[in-house]
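What follows is calculated from the coordinates using simple rules that are stated; it is not laboratory data. Treat the numbers as computed from the prediction; the structure is a model and nothing was measured. All Cβ positions, glycine included, derive from the backbone under ideal geometry; neighbour counts span all protein chains shown.
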Amino acid sequence: MEQASTFRAVVFDLDGTLVDTVGDLTLALNRTLADFGLPPHAESVVRGMVGGGLAKLLERGIAADGAMLGPADQEKARGLLYRHYAAHPAAHSRLYPDVRETLNALQDAEIACGFAPTSPNPSPATSCTCLASLKPSASSKEATQAFPESLTRPVFFT
């Protein structure tokens, strides 16, 4: 016997959960490293550095070759990394396999899907480019208002 779903909504993170953004992160990191005369890293290497946000990625990218930057240059590098990533946030980002089918199945079951980025500097362009065919949920306003002000408010789609 099929049981009716008790879920009204599901909230996902985007980067690294639904969307593979490593290509764009690699591009931004390598442009930042080049700004300081440091060597680039292959995407496969950057994939192992991801986790904990852009600042942590930068820290790992600089340290990977034994390089060090002083506090002023670290701050400058963080700003450059954010700008480089914001300039091309979804050029190489792609949904992971079966994500679209999973989201469509949730939509068919009338379960709203929310996307609440956990990154300190989430990229709306990644969301829009990779999830372009999804339509905003009629219940999104109600669901979004249920989130505390201290948290990133999700965007809901059905």
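Computed from backbone phi with θ = phi - 60° and the Karplus coefficients 6.51, -1.76 and 1.60, the 3J(HN,Hα) list for the range 28-41 is 5, 4, 5, 5, 5, 4, 4, 4, 10, x, 9, x, x, 10 Hz; x is used for glycine and proline. Our summary of shape: the Cα atoms of the range 1-95 have principal axis extents of 63, 24, 23 Å, ordered from largest down, in whole angstrom.
With a ≥ b ≥ c taken as the square roots of the eigenvalues of the C-alpha gyration tensor of the range 35-79, please select rounded if a/c is under 1.5 and otherwise prolate if a/b is larger than b/c or oblate if it is not? Cα axes put the range 35-79 in the oblate bin. Within the shell defined by Cβ-Cβ distances under 12 Å, the residues around Ala90 carry a net charge of -2, with Lys and Arg each +1 and Asp and Glu each -1. Taken along the Cα-to-beta-carbon direction at a fixed 7 Å, the label points for Asp73 and Lys56 span 2.5 nm.
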